[in-house]
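Comments concern the structure below.
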Amino acid sequence: MLDMNDQNQKYDILIADDAPANLKVLSEILRLEGYKVRPVLNGTQALEAAALMKPDLILLDIMMPDINGFEVCKRFKDNPDLAEIPVIFISALNDTDSVIHAFSVGGVDYISKPFKAEEVKVRVSTHLKIRNQSRELQQLNATKDKLFSIISHDLRGPCGNFTQVLDMLAEDMVFEDPMKHKLVEELRNTSKSVMSLLDNLLNWSRSQSNRIVIDPQDVIINLSVMESIRLLKPIANAKNIALEFVASKVFTVLVDPNSLSLIFRNLMSNAIKFTNPGGKIVVSVEDDPDDMVRISVADNGVGINEEALGRLFQPALHFTTYGTSNEKGSGLGLLLVKDFVEHNKGQLFVTSEVGKGTTFSFTLPKAE
């Protein structure tokens with residue numbers, strides 16, 4: 001088993017201080033801990049040494065004759081290749097303004113001279129651990145993004161082709177055996193559910209990595225609602241669920257059309273999923289205060305209890321349950337709805353009563 005000194009040998013620390021005595025003491029403290037140490041006597045040498053071989057951490061004095069430590073740190077942070085390296089200032093300047101300035105230019109910590117060996121060792125060890133954890137997190141995020149990309153892109157094409165073939169079979173062929181017709185319809189609905197899941201995964205990946213593109217446009221919400229009802233009517237008909245639309249006038253909102261399609265698709269699919277056969281779903285649009293429009297999707301389905309409502313929009317606690325006809329879900333739909341509503345400067349609300357139904361409402365800004 002490796003001891004701490006052996007583990008520390010993988011870390012390279014750059015120290016910049018124009019006082020040879022301080023430089024020698026700091027170097028000795030860290031070498032005894034097993035770190036690789038590179039001491040330099042001024043800011044210019046620090047910039048050149050870091051560019052030549054990227055260190056894991058930098059200890060930086062402020063008062064140096066050529067370039068002061070504040071400017072050196074600023075140049076590190078302006079360089080994309082060196083910006084992530086943690087910089088700890090070690091200085092005789094211990095006034096509040098100097099400390100604040102050190103943090104404002106990108107420093108992660110500040111040690112006042114005369115320094116204590118134990119304090120230096122603990123702070124260096126802590127920031128190296130944080131940097132290591134940050135690297136691991138970046139690698140995990142890269143792996144996650146790659147996985148989402150494979151699932152969403154490489155699988156989406158074949159699944160889309162499969163869905164198109166099933167659509168052609170259902171529309172163009174006549175089955176004498178009712179069981180065959182029922183089987184094709186079930187396969188068709190399942191393939192559409194898989195496509196919906198893949199779309200949600202792709203959008204969730206974009207949302208989590210801040211790659212959502214929002215292009216607000218004037219959209220007539222009435223037309224969007226009717227188009228969503230048209231697309232989801234076959235699924236609702238399969239459960240004998242009525243879809244109704246109520247609006248007192250034509251409403252125009254400022255929203256990204258792709259976001260709106262995702263929001264409607266997920267809210268209405270969710271309502272169909274948790275409404276019993278023979279039930280009803282009503283989509284309504286009305287004015288809301290502060291130049292907003294409120295859109296509601298109300299069902300008379302199974303409802304949601306208070307405990308489930310409390311964790312409905314918490315990503316770390318997200319969950320899914322089976323629908324009234326054993327429909328499966330990923331649990332991502334409502335999280336996506338919340339994200340995309342907020343990206344379009346709106347808010348999402350939910351009210352529910354077990355056994356009576358659920359209403360999801362969201363607001364969007366009116367178009368000028």
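The values are calculated or read from the model by the stated rules, or taken from the named source; none is laboratory data. What you see is a predicted model; the values in this text were computed from it and never measured. Counting neighbours? That spans all protein chains shown, and the Cβs are built from the backbone with ideal geometry, glycine included.
Below is a table of values for the structure above.
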item	result
Output for the stretch 331-367, where each listed residue is modelled with pLDDT under 80 and either in a strand (DSSP E or B) or out of contact with any Phe, Trp or Tyr (no Cβ under 7 Å at 6 or more places or on another chain) (or both)	Gly333
Residue ID - nearest to Ser91 (Cα to Cα), chosen from residues in the stretch 40-55 that are of a type outside the set (A, V, I, L, M) and surrounded by fewer than 20 Cβ atoms within 10 Å (Cβ to Cβ)	Asn42
Failed condition for Lys328, given (1) farther than 21 Å from Lys280 by Cβ; (2) modelled with pLDDT of 60 or more	(2)
Condition met for Ile29 (touching a Ser or Thr at 6+ places or on another chain (Cβ under 7 Å), within 19 Å of Ala92 (Cβ to Cβ), among the aliphatic types (A, V, I, L, M) and buried (at least 16 other Cβ atoms within 10 Å of the Cβ))	no
Complete set of residues in the stretch 152-176 that are modelled with pLDDT of 70 or more and assigned to a loop (DSSP other than H, G, I, E, B)	Met173, Val174, Phe175, Glu176
Some residue of the stretch 295-305 being modelled with pLDDT of 90 or more, under 18 Å from Thr363 (Cβ atoms) and surrounded by fewer than 22 Cβ atoms within 10 Å (Cβ to Cβ)	yes
Residue satisfying all of: in the stretch 99-114; over 36 Å from the mean Cα position of the chain (by Cα) and farther than 16 Å from Ile58 by Cα; surrounded by the most Cβ atoms within 10 Å (Cβ to Cβ) among these	Lys113
